[in-house]
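Working notes for the structure below.
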Amino acid sequence: MGRHDTYQRFILFCLSLLLHHNILKNVEGLACNWGTQASHPLPPNIVVKLLRENGFNKVKLFEADPGALRALGKSGIQVMVGIPNDLLATMASTVANAELWVQQNVSQYISLYGTDIRYVAVGNEPFLKTYKDRFIRSTYPALQNVQAALVKAGLGRQVKVTVPLNADVYESGDGLPSSGDFRSDIKTLMVSIVRFLADSFSPITFNIYPFLSLNADPNFPREYAFFPNGSGGGAKPVVDGSISYTNVFDANFDTLVSALEKNGFDANKIEIIVGEVGWPTDGDQNANPTMAQRFNQGLLNRILQGQGTPRRRTAPEVYIFSLVDEDAKSIDPGKFERHWGIFSYDGAVKYSLNLGNGRQLAPAKGVRYQAREWCVLSYQAAGNAGAVLATSASYACQNADCTSLGPGSSCAGLDPAANASYAFNMYFQKMDHRRGSCDFNNLGALTKIDPSSGSCRFPIEIDTSRHEMLKPLPRKSAAPEANWSMVVAVAAGMVIGWTVFFT
């Protein structure tokens, strides 16, 4: 075999490595949001295992949670860490404040724990109309100061800034995507932010919620909220020139594309991230596991196929919302806010999802629970409690999560006695089975028989005290994604070296 035959075989081998790496990236990389507003959160080390075992190699945190950032160290998972809106004014006031935040919440975790932080999300939907301009003046200066702080820390190339924005920052006067433009009251500001991010090679991030489109408008066409499955039927298309839109996600995203192009940007040259998109499973008549499974499976299929939209064929990076339920979230937008997770509060699988390559969702492992015991309305009190029962149940729900009792929710069909039992148990679980937490003026009683019925689940809470005594999982070497990056770099270098040698 001659030298040039050997050279050709080697080049083919290296190219196969590069191709295999790109295929792996396209089909295996999933991203999601990890929220931590829970009364009994899953231990971070268990969450990281849950992410890895289900093929998630990117995660977005809404704040710099120390436990989460430590657990993500050397996990092979890329991290977007958020700065809450209430810190925007502080970040905007001086660069020194931003430098301190970066040192404490970015540099420290990268250097000490090997946490792979790639983005800092400055604020979260700060221009929502419901905020009434509260963060209008502080967001852009905060973004600039955080970027300057990252550069000073020597992280300007490794860690990029972004601002997750709600889709209400752009609009269309006639409802067609081609008429999209930024909201008139913030148009100048939006153009400045997009230009700043583009100039610093940072992504723009937008949250899109087809569920909210359906839920806010009783006349919204139901099928238009979902992705077509190719089996016929589906929504009546929205025709926009030569493009027919069959789902609101595409139409919403392309409204953004039009807004960018209308203001002088090439949407194909700007990195766009969909920071949040998903479907809740409870708390509303449109929120249930069947609808969530249908939407999220359609979304996953698009992600796995690398599918873009009619006006932008390049697929955006998409962060599914959300990983697990959070029982301490505000319910001002609706009771469904606590039920966005593809997993329950304890990491249990809510519904099946095909993750590609024959993989299905796998539940969390190693979760430790409170004793198998529930608090219910006592049999003796069920018939004659009257006003005292109503007061006790109301108290329980004011201090625990009863969002599954609302109209159209999973426990909406309970009779008054079972309704009170559900309220009592949610309080009892939140209070960690403490003595007196199942009293309710002598109306409560303990039982070891699971009172769950039909779709209504009476949960047993996570025992956080037992998890605190667990030793952290040993740190593992970087995941295949990081190792493949090294292989690609080495292969590329060898190709160059051998090319020089043989020529």
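The values are calculated or read from the model by the stated rules, or taken from the named source; none is laboratory data. Treat the numbers as computed from the prediction; the structure is a model and nothing was measured. Reconstructed Cβ throughout: ideal geometry from the backbone, glycine too, with neighbour counts over all protein chains shown. Only protein heavy atoms, including side chains, enter the accessible area calculation; ligands, DNA and RNA are left aside. Shrake-Rupley method; radii C 1.70, N 1.55, O 1.52, S 1.80 Å.
Quick notes on this one:
- Checking every one of the trypsin sites (Lys or Arg not before Pro) in the stretch 379-473 against DSSP loop status and a limit of 15 other Cβ atoms within 10 Å picks out ARG434, ARG435, LYS448.
- Selection from ASN442, PRO416, SER453 lying farthest towards where the dipole of the stretch 405-467 points positive, charges on Cβ: ASN442
- The loop-placed trypsin sites (Lys or Arg not before Pro) in the stretch 80-154, going by DSSP, that have at most 14 neighbouring Cβ atoms within 10 Å of their Cβ come out as LYS132.
- Qualifying chymotrypsin sites (Phe, Trp or Tyr not before Pro) for the stretch 178-231 [loop in DSSP, other Cβ within 10 Å: at most 12]: PHE201
- Acute angle (nearest 10 degrees) that the helix 289-305 long axis makes with the longest principal axis of the chain, alpha-carbon atoms: 10
- Counting only Cβ charges, +1 for Lys and Arg and -1 for Asp and Glu, the dipole size of the stretch 71-201 around its Cα centre is about 360 debye.
- Förster radius 51 Å - calculated FRET efficiency between PHE196 and ASP439 (Cβ-Cβ, nearest 0.05): 0.35
- Summing charges over neighbours of TYR427, with a neighbour being any other residue whose Cβ is under 14 Å away from its Cβ, gives -3 when K and R count +1 and D and E count -1.
- 5 Å binning of all Cα-Cα separations within the stretch 134-194, expressed as whole percents from 0 upward: 4, 15, 22, 19, 14, 12, 8, 4, 2, 0
- This model, with +1 at the C-beta of Lys and Arg and -1 at the C-beta of Asp and Glu, gives the chain a dipole about its Cα centre of some 1400 debye.
- Sum of side-chain charges, ARG183 neighbourhood, beta-carbon under 14 Å (Lys, Arg +1; Asp, Glu -1): -2
- Length gained when the stretch ASN301-ARG157 is fully extended (0.36 nm per residue, less Cα-Cα span): 48.7 nm
- Spatially, the stretch 97-125 and the stretch 298-371 are offset by 25 Å when compared through their Cα centroids.
- Helix 416-430 and the longest principal axis of the C-alpha atoms of the chain enclose an angle of approximately 60°.
- Rounded accessible area of TYR209 (nearest 10 Å², 1.4 Å probe): 30
- According to the Kirkwood relation over distinct C-alpha pairs, the hydrodynamic radius of the stretch 122-169 is 11.6 Å.
- Estimated dipole of the stretch 122-182 in Debye, rounded to 20 [Cβ of Lys and Arg +1, of Asp and Glu -1, Cα centre]: 500
- Length added when fully stretched, ARG466-ASP174, from 0.36 nm per residue minus Cα-Cα: 99.5 nm
- The orientation-averaged shadow of the Cα convex hull for the stretch 79-143, equal to a quarter of the hull surface, comes to 4.3 nm².
- All distinct Cα pairs of the stretch 227-327 go into the 1/r average, and the inverse of that average, the Kirkwood radius, is 15.1 Å.
- The angle between the Cα long axis of helix 248-262 and the main principal axis of the chain comes to about 50°, on a 0 to 90 degree scale.
- For the stretch 161-207, the fraction of alpha-carbon pairs in successive 5 Å shells from zero, as %: 5, 22, 26, 26, 15, 6, 1
- GLU63 - accessible surface, heavy atoms, 1.4 Å probe, Å² rounded to 10: 80
- For the stretch 42-172, the square roots of the Cα gyration tensor eigenvalues, ordered a ≥ b ≥ c, give a/c of at least 1.5 with a/b no greater than b/c, which places it in the oblate category.
- Of all DSSP bridge pairs formed entirely within the chain, close to 35 percent run antiparallel.
- The share of alpha-carbon pairs in the chain lying farther apart than 35 Å comes to 41%.
- Förster-model FRET efficiency, 41 Å R0, LEU128 and LYS448, C-beta, rounded to 0.05: 0.35
- Heavy-atom accessible area ranking, 1.4 Å probe, most first, across MET80, MET426: MET426, MET80
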